[in-house]
Amino acid sequence: MESKEWSSGVWTHLTAVRRQSPLVQCITNLVSMDLVANTLLSAGASPAMVHSVAEVPDFTPHIHALCVNVGTLTPDWLPSMKAAAELAAQLGKPWVLDPAAVSCSGFRLKACLELVELKPSVIKGNGSEIIALSGSASQCQTKGADSSHESTEAIEAAKSLALSSGAVVAVSGAVDIVTDGKRVIGVHNGTKMMQRITATGCSLAGLVAAFLAVDPLQPLEATVSAMSVFGIAGELGEELANGPASLRMHLIDSLYGLDETTVLSRVKVTRLG
Ligand SMILES: Nc1ncnc2c1ncn2[C@@H]1O[C@H](COP(=O)(O)OP(=O)(O)OP(=O)(O)O)[C@@H](O)[C@H]1O
Ligand SMILES: Cc1ncsc1CCO
Ligand SMILES: [Mg+2]
């Protein structure tokens with residue numbers, strides 16, 4: 001299946017998000033809250049940054065998907081993440097784990113491994129994060145939020161993490177990789193300057209949650225669609241931008257304005273394995 005076959009699925013997913021406006025609970029890092037929420041709103045979804053453990057029992061049963069991102073993790077946030085993830089999984093609601101900067105401490109790695117046990121539908125990280133989380137730690141040099149690996153270097157780690165966790169694993173980068181452990185799909189949309197805006201990866205994880213909400217039984221296809229849509233918005237945004245700050249604005253505008261012709265002509269998806 002090549003780009004042409006994927007592109008109608010991408011458009012179908014985006015229109016479903018716009019029509020259904022899924023409620024996405026985001027327990028995300030402090031850096032990313034604004035961009036994650038604005039990305040979801042411009043795609044047509046409804047974000048809610050509800051992160052207190054006291055609110056999980058009342059709120060999480062009403063959501064359509066959850067996104068958990070450990071980018072600014074502290075010990076007092078972990079119980080909310082676990083409680084929301086556990087309840088979402090129990091209620092059959094899709095949830096996404098973004099193991100942001102997972103290798104910066106033993107505390108964070110242990111927390112992420114415990115979250116993986118709670119059955120995320122999708123794990124989305126950059127190359128270094130997926131390599132670290134999969135246990136291929138000897139290959140991993142990064143300590144921060146940015147990747148020191150190409151996404152393609154993480155393909156084997158992503159496949160092994162997908163097989164051991166049961167999640168679809170997505171690796172963002174120049175080529176976004178999506179795998180269920182058997183199929184490996186490459187999404188070739190996006191632009192290098194997106195790396196120069198903090199929290200684009202976190203926003204992508206939030207967008208994946210929204211797309212899962214409208215197609216929970218096809219997590220690989222929904223993830224590919226979200227990654228392609230976000231990449232296309234970045235490409236269109238860059239045509240109007242002078243640098244990262246204006247790209248941030250134009251990316252949001254472009255995501256909001258995406259039309260069928262543009263999506264169908266711009267989706268670049270290939271099977272890599
Ligand atoms: N070299 C590149 N070429 C094209 N697109 C890219 C490139 N690098 C990253 N992207 C795109 O930028 C977005 C963010 O990916 P990235 O891997 O930088 O996330 P991240 O490291 O998790 O970011 P953050 O932690 O700041 O949220 C994705 O949509 C990805 O496709
Ligand atoms: C810069 C940064 N530090 C922790 S999380 C985050 C946002 C990108 O992941
Ligand atoms: Mg990230």
With every protein chain in place, segment 3-271: carbon and sulfur % of accessible area (1.4 Å): 54
Additional length obtainable on full extension of the chain from Lys4 to Asp34, 0.36 nm per residue less Cα span: 7.4 nm
Calculated SAXS-style log₁₀ I(q)/I(0) at q = 0.07, 0.09 Å⁻¹ - the chain, Debye, Cα scatterers: -0.20, -0.34
Segment 1-104: GluC sites (Glu not before Pro) in DSSP loop, at most 11 other beta carbons within 10 Å: Glu2
³J(HN,Hα), Karplus 6.51/-1.76/1.60, whole Hz, each residue of segment 115-127, x for Gly, Pro: 5, 4, 5, 8, 6, x, 6, 9, 10, 10, x, 8, x
Aspartates and glutamates whose Cα lies under 14 Å from that of Lys192, excluding same-chain neighbours fewer than 8 positions away: Asp146, Glu150, Asp176, Glu235, Glu238, Glu239
Stretchable slack from His188 to Thr74, in nm (0.36 nm times residue separation minus alpha-carbon distance): 37.6 nm
Once exposed loop trypsin sites (Lys or Arg not before Pro) are cut out (DSSP; at most 14 other Cβ, 10 Å), longest piece of the chain: 1-142
Spin-label pair Leu91/Thr261, simplified geometry with 7 Å Cα→Cβ offset, distance in nm: 4.2
Å² per residue, accessible surface of the chain at 1.4 Å: 40
Under 5 Å, built H, 5+ apart or other chain: amide partners of Asn189: Asp176, Lys268
Residue-span extension gain [Thr270 to Asp58] - 0.36 nm each, minus C-alpha spacing: 72.2 nm
Along each principal axis, Cα extent of segment 1-125, largest first, Å: 44, 33, 28
Under-5 Å amide H pairs with Asn126, H placed in peptide plane, nonlocal only: Ser172
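The values are calculated or read from the model by the stated rules, or taken from the named source; none is laboratory data. A quick note: this is a predicted structure, and the numbers were derived from the prediction, not measured. Note that each Cβ is placed from the backbone with ideal geometry, even for glycine, and that neighbours are counted across all protein chains shown. Quick note on the areas: whole protein, heavy atoms, side chains included, nothing else; ligands and nucleic acids left out. Shrake-Rupley method; radii C 1.70, N 1.55, O 1.52, S 1.80 Å.
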